[in-house]
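What follows is a set of notes on a single structure, which appears directly below.
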Ligand SMILES: Cc1ncc(COP(=O)(O)O)c(C=O)c1O
């Protein structure tokens, strides 16, 4: 039996209707931006394996750091204990995050980073004896698949089976061009009519919605409104963090600072699952008390796993090198050039770029759904050509590892142009 056949016998994959889905591709090796399957076919990973892998697969610098940590202190419980890799990653993050971020809390993945942030927003007011139980989120947001993260997410087919079982969430429009005022007014009205604890958002780019982009000035205005009303703000940088938008964090473009930041994905360069939620001193202080009931009773077995911390430290080292920063700029320039070219195509509705993120919307009939027929056709075309791209409905996006060469990028662009002709 091949790996793929054995997989079908035993495994259940994420976001997959196994009755209708094609069999998964069995990858046996990965290096740099390339993947190889069990038949030896080569693929360019143009989405950095769900946006986690900026420095390339099987990266030696990160692997060496992980090996060294594994053979020194692989794991120790974080309840009542601490260790150097956790302290070092905290010091490093506090140095590079927006200045008001002062406390670091570890968890395991993007959803748990969000879960922690939402629980903290709700308990912050509970600890202060204020009744504030509503969370504000954007339409079409995606914050993960655990319960509070799902409640905050607005893409309905991910959450429809659980409607009615969620914490209170009110959704407001994203301030995309032309919708800014509607978004500001919706936020003001929501705050006026509900007891709002927090506002969670994907800063500047909504990833899973199809790389929907909006301006830093609009986000600054929304944060200001929250601040005036003492509503806590949560920047979910799980996708945008660590260079994707062209700056280390998307919030680096925004003049207002958020109260909390969620980090995961590229945090460990695509090696070890780990997440971090960061907080202001004011938030920490609301839990700091003689009363044990005011503590944050949240934790995971692998909290602050030293090996994950070592991977994160090595990843941040790589991100901050001049070479990686130049790569980010180079990819951005290539994207802008391709945007100018492709947006003139008669079958293209619009194209957009921020940092290393590129997205093109192909004209389609308005009923084109997230996992609809155009998406399947495009996905299969790309796989056939040896390029890993996962379109969202009629939107094709690229989020490459930063080390992708100009030639490899050109191959991805050419394949997208061919796909636009094909559909
Ligand atoms: C903005 C954002 N938040 C949270 C998550 C959830 O992360 P994870 O899949 O690691 O749980 C994602 C995943 O795509 C995301 O894009």
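The values are calculated or read from the model by the stated rules, or taken from the named source; none is laboratory data. All figures in this text were calculated on a predicted structure; none of them were measured in a lab. Cβ sites come from the backbone with ideal geometry, for glycine too, and all protein chains shown count toward neighbours.
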What's the number of the condition residue 230 fails, among (1) in a loop (DSSP other than H, G, I, E, B); (2) buried (at least 17 other Cβ atoms within 10 Å of the Cβ)?
(2)
Which one of these does residue 133 not meet: (1) touching a helix residue (DSSP H, G or I) at 6+ places or on another chain (Cβ under 8 Å); (2) under 25 Å from residue 175 (Cα atoms); (3) within 16 Å of the ligand (Cβ to nearest atom)?
(3)
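Kindly indicate whether residue 197 is in a strand (DSSP E or B) and either modelled with pLDDT of 95 or more or away from the ligand (no atom under 14 Å from the Cβ) (or both). Walk me through how you get there before you give the answer.
On the way: in a strand (DSSP E or B): yes; either modelled with pLDDT of 95 or more or away from the ligand (no atom under 14 Å from the Cβ) (or both): yes.
Spelling it out, residue 197 is indeed in a strand (DSSP E or B) and either modelled with pLDDT of 95 or more or away from the ligand (no atom under 14 Å from the Cβ) (or both).
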Go through the stretch 18-43 residue by residue and tally those that are surrounded by fewer than 19 Cβ atoms within 10 Å (Cβ to Cβ) and in a loop (DSSP other than H, G, I, E, B).
13
Suppose we filter the stretch 384-409 for residues that are assigned to a helix (DSSP H, G or I) and either touching a helix residue (DSSP H, G or I) at 6+ places or on another chain (Cβ under 8 Å) or crowded, with 17+ Cβ neighbours inside 10 Å (or both); how many remain?
3
Which pairs have Cβ atoms under 6 Å, sit 6 or more apart or on different chains, and link a residue in the stretch 272-283 that is modelled with pLDDT of 95 or more to one that is assigned to a loop (DSSP other than H, G, I, E, B) and within 11 Å of the ligand (Cβ to nearest atom)?
273/108; 273/109; 275/108; 275/109; 275/264
Test of understanding: among 139, 180, which residue is away from the ligand (no atom under 16 Å from the Cβ) and under 18 Å from residue 212 (Cα atoms)?
180
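So that you can scan it fast, the table gives a plain yes or no per residue for (1) in contact (Cβ under 8 Å) with a residue 60 or more places away in the chain; (2) buried (at least 21 other Cβ atoms within 10 Å of the Cβ); (3) closer than 18 Å to residue 116 by Cβ:
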{"position": "141", "(1), (2), (3)": "yes, yes, yes"}
{"position": "159", "(1), (2), (3)": "no, no, no"}
{"position": "163", "(1), (2), (3)": "no, no, no"}
{"position": "168", "(1), (2), (3)": "no, no, no"}
{"position": "173", "(1), (2), (3)": "no, no, no"}
{"position": "180", "(1), (2), (3)": "no, no, no"}
{"position": "194", "(1), (2), (3)": "yes, no, no"}
{"position": "199", "(1), (2), (3)": "yes, yes, yes"}
{"position": "220", "(1), (2), (3)": "no, no, no"}
Pick out, from the stretch 44-128, the helices (runs of 4 or more DSSP H) lying fully within it that include 2 or more residues that are under 27 Å from residue 149 (Cβ atoms) and more than 16 Å from the ligand (Cβ to nearest atom).
84-96, 110-127
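What strands (runs of 3 or more DSSP E) lie completely within the stretch 244-359 and have 1 or more residues being under 24 Å from residue 231 (Cβ atoms) and away from the ligand (no atom under 16 Å from the Cβ)? Lay out the reasoning, then the answer.
Details: elements: 260-263, 275-279, 348-354.
The qualifying strands (runs of 3 or more DSSP E) are 275-279.
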